[in-house]
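Each value in this text was obtained by applying a stated rule to the coordinates, not by laboratory testing. Just so it is clear, the model here is predicted, and its values are computed rather than measured. Backbone-built Cβ (ideal geometry, glycine too); neighbour counts: all protein chains shown.
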């Protein structure tokens, strides 16, 4: 038995007894890499990954192409490392999923888990019933947001397909500032018009930044104002009522 074979056996035995308690970051990576690199010593590769990305979290959030630039990391190992962050994201999103989105806290809690670690803009559509329960969740597009990419008519079609009473749309600003851009505003207004034509309410459009979010319902759509100010301040997290009060009254 080679020396690193004994090291593998000892790490696996420690995990069986204590899970990850007492494991250093590089040892966690070694344990993961055992499954994609069955016959090589993974210790130097794990240390190289920590040096390159700074921490275990940095490694698990890195893009596959960046991981593959580290000596000893191939496509299979990169996919495996990326899988952990994606599984964790889905796990926490499902754990945070409320029966219904009765307030902004429910919505932001769910969205924060959904957007966690995403380095590009992601635009999501949620079809809701009359009690604001989620009927469907759909990733509409990834990348820069514009009405040309989002296609308001497709959102309206999804609302009809799921027999939605309300629609919630949301996207993230990976740069951290949730203040809406001109494109965000134009897209939102186009979606409002498309949904209005089929009698479906846009409950809100939420933009999540690093530690704050912006709510169109409270800032721009509350009065159905056709002109929207780009100077609206971002709202601190969990401070804005949702759904809009006017919408709740319609359901009473």
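Computed values, structure above
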{"item": "Point-to-point label distance, residue 17-residue 86, nm (Cα→Cβ direction, 7 Å offset)", "result": "3.5"}
{"item": "Taking all pairs of distinct alpha-carbon atoms in the range 3-86, Kirkwood radius in angstrom", "result": "12.8"}
{"item": "Least to most buried among 47, 162 (fewest other Cβ within 10 Å first)", "result": "47, 162"}
{"item": "Residue-span extension gain [residue 183 to residue 36] - 0.36 nm each, minus C-alpha spacing", "result": "48.6 nm"}
{"item": "Per-residue Cβ neighbour rank within 10 angstrom, fewest leading, 126, 92", "result": "92, 126"}
{"item": "Order of 29, 189 - criterion: other Cβ atoms within 10 Å of each residue's Cβ, fewest first", "result": "189, 29"}
{"item": "Three principal axis lengths of the range 107-158 [C-alpha, angstrom, descending]", "result": "32, 28, 12"}
